[in-house]
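Notes follow the structure.
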Amino acid sequence: MAEEPDFFKPHPNPPPRVKNSFFDVVPDAFSSKSLEFTGDQKKKKEPEAEPETAEEEPEMKEEEPVPVEEIIAPQQYVVIEAKPWDRGDESAQSRLFIKGGKIVNDDQSYDGDIYIEDGIIKQIGNNLVIPGGARTIDARGKLVIPGGIDTHTHMQLPFMGTQAADDFYSGTKAALAGGTTMIMDFVLDQKGVSLLDAYDKWRSWADEKVCCDYALHVGVTWWSEQVANDMEVLCNDRGVNSFKMFLAYKDVFMLSDSELYQSFLKCKQLGALAMVHAENGSLIEEKSREMLQMGITGPEGHVMCRPEEVEAEAAQRAITIANQADSPLYIVHVMSKSSADVISAARRKGNIVFGEPIAASLGTDGTHCFNKCWRHSAGHVMGPPLRPDPTTPDYLMDLLANNDLQVTGTDNCTFNADQKALGKDDFRRIPNGVNGVEDRMSIIWEKGVHSGKMDPCRFVAVTSTTAAKIFNMYPKKGRIAIGSDADIVIWDPDQTRTISAKTHHQAVDFNIFEGMVCHGVPLYVMMNGHVVLDEGQLKVTQGLGRFVPTSCNSEFVFGRVKERERARRPVKVERDPYTGPVIEVMENALSLKPVDANPIIPDVNSAEFYNRPKTRGGGRNLQDSSFSFSGAQIDDKSPRRPATRVAAPPGGASTKLW
Ligand code: URP
Ligand code: ZN
Ligand code: ZN
């Protein structure tokens, strides 16, 4: 049978995508481009240097130079790699006046104008008095909403022998085109790599390329005292407030239940949010081997070896372990009805657990993995898989609309056809991941709002505000309010667009939403007051986005943890000591050593019974004793055999008269 895939073994012929090695680190990268970091954490400087222009982009596909200007149909976006902010005329350019729109926050919507200066919302209201020189944007008849926050991306992730096709440049450019003004990416490195080194690596990759703001979650792919210490440093000094643990990817990222418990305890102690990838990695390994033995090597094998209950079991286990650690829990990429039900039921029992469906699970389904075209089906392979039950997206959307699920990401982790082809003969080698960062907002509008399941306020909650609250960035992000960052989208609920890989801004050559017509189109997108989507022109600047440090102890997540912990603390029963007789400990009593795991049935393979070598046929040597001090019998573990009735015993049946 085929050899097991090694997720981190470099592919023998890697695509010529990256110039630097995966492990190059720009020292001190994190200190140069961060937003102000308040609280007990280090202050970071605003960027001094001019952002790099597209011409200076260091990493690009050879065959595809950076477009200076490209025309994209059917949205007719003209992509312009904008020059860095014009400092000479900064104040005039940075003054924006959004007039006549309906402002939508998660809790209310109202007609109002917005005045923005230097990337911050300065005034909201009607009949505002604003300084001269401001540019006016007409938003009449349109919605004015907080920019989307994608809670889950993997830009340029080295994974399964290759590297994600969308990097921090193309991925964030696409995000902005779709109305997402901030992404949260995952630092995800191999077992044994220091979390701090991994973090530095991601910062060095992202800082020079991001067109929009970003924050980082950090993957805990192994467990040790050093990892726990690094988590502390990441929280205190590096602006990280969330860690992802895996119940899947056995021997690669997977932690044991005890390690999960320890990592959840650490998160709780730090006021950081524990996130989990919930799938049973051991079962997946067994079932995928069986699948291959049956001759199923295509993408459908990926789906069939990890059915819904494999996701739901892991979700329930993670919830149980987190509950025992008094740790809030965030379940990423909720893909199935069963898993969503588990989360919803736990919330109703009072558990602090959040569920994140993604654009893929809300917008399409796993029937595509059974498509006759290999590329089409492999293009839909991700973990946990898209579910073959076609009612799944609707079901998840209903739960999202009603707060059984809370927040949306994309798990954007894209691979081109030639990369997916690594698994052409063995589904276990198909790089896992799909697109979504550009289309999430439109998909959720179409399937959530246009379908009548949620109102625009709920749309804002699930695409932006709740993420900002959970990850402690609210109301700087996720709200249109005075003092908030001017991350704003002017949204046309009536216009439609057709999603296609031919017209999207992502680097990947495939789109899982191909051909879908969506109501809800961003007309203008403002990121920190920069108009990056402007009357059909996408004007992005590489490196213009900033790292957004996130601080621990989000009130939204931890608000009731302390009291909950106090209320549930185990209480000792005060009683008089036992003063009666106590028996002597028996020498050979197997179950009585306090540190033992209390074996009830003695081990019949132990030397207690077997003092002599086995027979050549592997049977018990009949000279072995079957006597034991513990009272165990040598056949205690043998299955009971039913009585055998012998019809004609030697000497004749005893029932006959003689
Ligand atoms: O298929 C997926 N989800 N790829 C990215 C890695 C992960 O588990 O999130
Ligand atoms: Zn995952
Ligand atoms: Zn992911």
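Yes or no, residue by residue, for (1) over 19 Å from the mean Cα position of the chain (by Cα); (2) under 21 Å from Phe168 (Cβ atoms):
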residue	(1), (2)
Asp425	yes, no
Arg440	no, yes
Ile443	no, no
Ala461	no, no
Ser464	no, yes
Ser484	yes, no
Looking only at segment 387-404, decide whether some residue is in contact with a strand residue (DSSP E or B) (Cβ under 6 Å, 6 or more places away or on another chain), among the hydrophobic types (A, V, I, L, M, F, W, C) and part of a loop (DSSP other than H, G, I, E, B).
no
Answer yes if at least one residue in segment 261-272 is closer than 16 Å to Val187 by Cβ, assigned to a strand (DSSP E or B) and either more than 16 Å from the chain's Cα centre (by Cα) or aliphatic (A, V, I, L, M) (or both), and no otherwise.
no
Filter segment 342-369 for residues that are in a helix (DSSP H, G or I) and free of Cβ contacts under 8 Å to residues at least 40 places away in the same chain; the one that is farthest from ligand 1 (Cβ to nearest atom) is Arg348
Across (1) assigned to a loop (DSSP other than H, G, I, E, B); (2) in contact with a strand residue (DSSP E or B) (Cβ under 8 Å, 6 or more places away or on another chain), His333 clears everything bar (1)
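From Thr172, Thr180, Thr151, grab the single residue that is within 13 Å of ligand 3 (Cβ to nearest atom) and over 19 Å from Pro431 (Cβ atoms).
Thr151
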Might you let me know whether segment 439-454 holds any residue that is within 16 Å of ligand 2 (Cβ to nearest atom), not in a helix (DSSP H, G or I) and not aromatic (Phe, Trp, Tyr)?
no
In the set Val381, Val353, Val332, the lone residue that is within 16 Å of ligand 3 (Cβ to nearest atom), under 22 Å from Ser554 (Cβ atoms) and either at pLDDT 95 or above or open to solvent by 10 Å² or more (accessible area, probe 1.4 Å) (or both) is Val332
Specify the residue that is farthest from ligand 3 (Cβ to nearest atom); the eligible residues are those in segment 427-456 that are open to solvent by less than 10 Å² (accessible area, probe 1.4 Å), more than 30 Å from Asp494 (Cα to Cα) and not small (Gly, Ala, Ser).
Phe427
For the subset of segment 281-326 comprising residues that are more than 18 Å from the chain's Cα centre (by Cα) and within 25 Å of Lys562 (Cβ to Cβ), which member is nearest to ligand 3 (Cβ to nearest atom)?
Ile321
Are any residues in segment 401-415 more than 13 Å from ligand 3 (Cβ to nearest atom) and charged (D, E, K, R), and if so, which ones?
Asp404
Residues of segment 403-456 satisfying the condition of being within 13 Å of ligand 1 (Cβ to nearest atom), within 17 Å of Gly147 (Cα to Cα) and hydroxyl-bearing (Ser, Thr, Tyr)
Thr410
Flagged pairs (Cβ under 7 angstrom, 6 or more apart or on separate chains; first in segment 312-341, among the basic types (Lys, Arg); second away from ligand 1 (no atom under 14 Å from the Cβ) and outside any helix (DSSP H, G or I)) are Lys337/Asp389
Could you look through segment 273-288, keep only residues that are in a helix (DSSP H, G or I) and more than 26 Å from Cys373 (Cβ to Cβ), and pick out the one that is least open to solvent (accessible area, probe 1.4 Å)?
Gly281
Considering only segment 168-215, state which residues are at positive phi and open to solvent by 10 Å² or more (accessible area, probe 1.4 Å).
Gly192
For segment 371-386, give me each residue that is outside any loop (DSSP other than H, G, I, E, B) and not small (Gly, Ala, Ser).
Trp374, Arg375, His376
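Condition check ((1) in contact (Cβ under 8 Å) with a residue 60 or more places away in the chain; (2) surrounded by 11 or more Cβ atoms within 10 Å (Cβ to Cβ)) across all residues:
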| residue | (1), (2) |
| --- | --- |
| Ala486 | yes, yes |
| Ala507 | yes, yes |
| Phe547 | yes, yes |
| Thr550 | yes, yes |
| Arg564 | yes, yes |
| Glu574 | no, no |
| Tyr578 | no, no |
| Ala589 | no, yes |
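The values are calculated or read from the model by the stated rules, or taken from the named source; none is laboratory data. Everything quoted here is computed from the prediction, not taken from an experiment. Ideal geometry is used to build each Cβ from the backbone, glycine not excepted, and the neighbour counts take in all protein chains shown. Accessible surface is based on the protein model in full, side chains and every heavy atom, while ligands, DNA and RNA are left aside. Shrake-Rupley method; radii C 1.70, N 1.55, O 1.52, S 1.80 Å.
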